[in-house]
Amino acid sequence: MSYVSVFDVLGPNMIGPSSSHTAGAAAIAFLARKIIAPPIKKVTFILYGSFAKTYRGHGTDRALLGGLMGFGTDDSRIRNSFQIADERGLSYEFKPCTTNVDVHPNTVDICMENAAGQTMTVRGESLGGGKVHIVRINEVEVEFTGQYSTVIVVQKDTPGVVAHITKVLSDNNVNIAFMRLFRESKGQTAYTIVESDGKLPEGISEPLRAGPNVHNVMIIEP
């Protein structure tokens, strides 16, 4: 028999009618914004499955936009996401896709562009009860939930990089809960994702970036 906590039964504090279509959507976008350098100037949301069919009625569009602007699932500003985005000069678009059915029913691709012209696409799945998975960054399949303090290292897939990452974390007394390596193909771009049991030390990204063949480091705190 699987264990179900009281939080699975009650669900998250949230604005909106649905823990999967509003709270989960906001949580996905909130995580996605941490994976690209601010400020974000343009975003396109590609919606799949039930997201594509009900995003207006369930407030998924407002929740996604609010999460991308840093609003938590219980932030009342989500109701006014469109107006706030317009005031901030954030360009946004929603594109429902009903032809691709080989995805989780609550899936969104968040295609972002920042002021420096950097682009990033993040795919997330809303699992219900406000829980989410990030399952793709650009063209690389990944997996993390955002429930732990998380380090994402973008690197070249070459020997020595993972050893560098683990040494830096060990030197800073970071207790690793989960660590996974995801890559496009051998020798190409890879993502090392480390989830820790506690809050990550301030400034941990700098020694990680100092390693050879490390392209970028992102820190995500729950």
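Quickly run through region 167-192 and pick out the residues that are buried (at least 16 other Cβ atoms within 10 Å of the Cβ) and out of contact with any helix residue (DSSP H, G or I) (no Cβ under 9 Å at 6 or more places or on another chain).
Within region 167-192, Phe182, Arg183, Thr189, Tyr191 meet the criteria.
Exactly one condition in (1) part of a loop (DSSP other than H, G, I, E, B); (2) surrounded by fewer than 16 Cβ atoms within 10 Å (Cβ to Cβ); (3) at pLDDT 85 or above is false for Lys41; which is it?
(1)
Can you tell me which residue is farthest from Ala23 (Cα to Cα) among those in region 78-102 that are of a type in the set (Gly, Ala, Ser) and out of contact with any helix residue (DSSP H, G or I) (no Cβ under 6 Å at 6 or more places or on another chain)?
Gly89
Within region 72-96, which residues are among the hydrophobic types (A, V, I, L, M, F, W, C) and modelled with pLDDT of 95 or more?
Correct list: Phe82, Ile84, Ala85, Leu90, Phe94.
Select from region 202-221 the residues that are surrounded by 16 or more Cβ atoms within 10 Å (Cβ to Cβ) and part of a loop (DSSP other than H, G, I, E, B) and list them in ascending order.
Of everything in region 202-221, those that are surrounded by 16 or more Cβ atoms within 10 Å (Cβ to Cβ) and part of a loop (DSSP other than H, G, I, E, B) turn out to be Ile204, Gly211.
Considering only residues that are of a type in the set (D, E, K, R), more than 10 Å from the chain's Cα centre (by Cα) and closer than 16 Å to Ala26 by Cα, which ones fall in region 107-124?
Passing the criteria: only Asp109.
Filter region 169-201 for residues that are among the basic types (Lys, Arg) and part of a loop (DSSP other than H, G, I, E, B); which is farthest from Lys156 (Cα to Cα)?
The qualifying residue farthest from Lys156 (Cα to Cα) is Lys199.
The values are calculated or read from the model by the stated rules, or taken from the named source; none is laboratory data. None of these values were measured; they are calculated from a predicted model. Please note: Cβ atoms are built from the backbone with ideal geometry, for glycine as well, and neighbour counts cover all protein chains shown.
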